[in-house]
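To keep things clear, I will list the structure first and then write my remarks on it.
The values are calculated or read from the model by the stated rules, or taken from the named source; none is laboratory data. Please read these numbers as outputs of a predicted model, since none were measured by experiment. Cβ placement follows ideal geometry from the backbone for every residue including glycine, while neighbour counts extend to all protein chains displayed. Heavy atoms of the whole protein, side chains included, go into the accessibility calculation; ligands, DNA and RNA do not. Shrake-Rupley method; radii C 1.70, N 1.55, O 1.52, S 1.80 Å.
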Amino acid sequence: MGNSFGHGSRDDDLNLLRETHRVLKPRGVLVIDYVDGDWMRENATTSGWEWLGKDHFIPGQDGKPVLALRERELSPDGNCLASREIVLDLAGGRDTVLQDLFYAVQLYGMNEMQYLLSRAGLRVLESECKQITSSAPNDQNQGAAGDLGMMEHRQLVVARKPDTALSGLDLQDEDTYVHPHVSPSRDETKGRLLRATGPIQAGAVVIADAPYALVPTVPPDRNNALLCSNLLCRRRVPQDQGERCPNSCAQDIIWCNAYCKTTDQARHDYECAWLRQYAAEIRQQYGEEDFAMLWIIVRMLAGWHLELELDTTKTTSRQAHLQWSDRFNRGWPAIEAMLGSQEIWPAPTVQRWRGLVDKYLGQDIPFQLPPGVDADYIVTLICKEESNTFGLYNAVTGPRETQPERGLSYGLGCYPRATLANHSCDPNLQHGPDDRGRMVMTATRDIAAGEECFIAYFDMTVHSSLEARQRRTMDLFNFACDCARCLREAGCAAEL
């Protein structure tokens, strides 16, 4: 605490965190209060001063006017800030130097700190992290507020040592946040939906959902950054960095570092031989969309396979603390609950999917299917996946007034809680991925208790007219939108 972290080299910091990981019990928590590196790089001045009040301990100087003078220099790479601090006693008619200190601190932004902690085997609990801003009192006798040094802008980061007895998917549930005033509900016509059970203020995060499975959707030769294959990480990794699969199973496979690779090994082992055998062929013969569709099915099956190897009684008891688990399903039951059957899709489409399943997920697949899973089950799973997955875009998707153009999707994810939100052409939520691949849904206006929570399934700037929107929902999602906006615009068109 109190900016005591980072006063060695970057290697020192990593070794300190690795030792912290060693001595922590499973699920033990680490809290660090450290300099906000991003802010300091942009705002640190070369010199400054601060009056030290009674809350600062200077031996023998309680209540006396004490002044801290500081000089700073930022390293050329921006990673380290060196400071000299001279503390003066201004009482008694002549200045007395109480302290003359020289120190340096490593600067980490939040993303850099998350990466450092992940290398040490610790997982950041993002919902618990805070930014801390301090301000000096403005005393009329002392002039301006002064300079607080490295205490002015700080980060409070909370991380946990994972319990290796649990699978990655169960640890991943800790990345999911659900607002306490939102719950699943059901309508006789619509089926499942998301409803506010209490007031939700504009700007509040309603859901930040970690994916059950996630795949990249941009070919590696047209993508500067790939998604980390570790389902607990999901960050975008530049192609010239990170760790690669030694089997060269697919160009898309990359991990941030050796830790991400090691902790993801059991899940990747499930898909590795399949990718090596089929990835290039599917891409060449059927294209990126079909490859992504089949690949995310394989990753969903990999998750289920790992779940079946768990001690489920231990998992349930250790995850009872999740504040949303009494309202929303976790794990494979959440996938089973997704809506989507073969009957709602056109017969030629289902038949085409069945052909792909027979060819690439049939008897010759190089991995073990969960008990009772056959080709018909996988086709139904594809129907659910096609109805419930989200594309990952660089811009949020929301109301037409605030919707920026999204561009091309760089990923495809299955989000079991977020998928409960139905479509409206006049949504009260906007959604988009954060830098950890979670699907974050935020209220764009105040939502009253009892209201349904809606998102827009597609880019409202591209498909803006009633005709275009109706065609989009029918072509991609196999339904005609009957939201309030569409009914209102259809009524106006009928009157004309």
Within segment 236-280, tally of residues that are within 22 Å of Phe291 (Cα to Cα) and open to solvent by less than 40 Å² (accessible area, probe 1.4 Å) = 19
task = Can you run down the residue pairs with Cβ atoms below 8 Å, 6 or more apart or on separate chains, where the first is in segment 370-382 and at positive phi and in a loop (DSSP other than H, G, I, E, B) and the partner is open to solvent by 70 Å² or more (accessible area, probe 1.4 Å) and of a type in the set (Ser, Thr, Tyr)?
result = none
message = Which pairs turn up if I take residues in segment 278-301 that are in contact (Cβ under 8 Å) with a residue 40 or more places away in the chain and look for partners that are buried (at least 19 other Cβ atoms within 10 Å of the Cβ) and charged (D, E, K, R) with beta carbon separation below 6 Å, at least 6 apart in sequence or on another chain?
response = Val298/Glu271
query = Filter segment 310-343 for residues that are at pLDDT below 80 and outside any helix (DSSP H, G or I); which is nearest to Glu271 (Cα to Cα)?
reply = Leu310
task = Only one of these is within 30 Å of Val124 (Cβ to Cβ) and modelled with pLDDT of 85 or more: Tyr415, Tyr457. Name it.
result = Tyr415
inquiry  = Among the residues of segment 441-452, are any more than 15 Å from Gly203 (Cα to Cα) and crowded, with 19+ Cβ neighbours inside 10 Å?
reply    = no
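I'm trying to understand the selection: among the residues of segment 180-201, which are more than 25 Å from Phe477 (Cβ to Cβ) and either open to solvent by 30 Å² or more (accessible area, probe 1.4 Å) or not in a strand (DSSP E or B) (or both)?
The answer is Pro180, His181, Thr197, Gly198, Pro199, Gln201.
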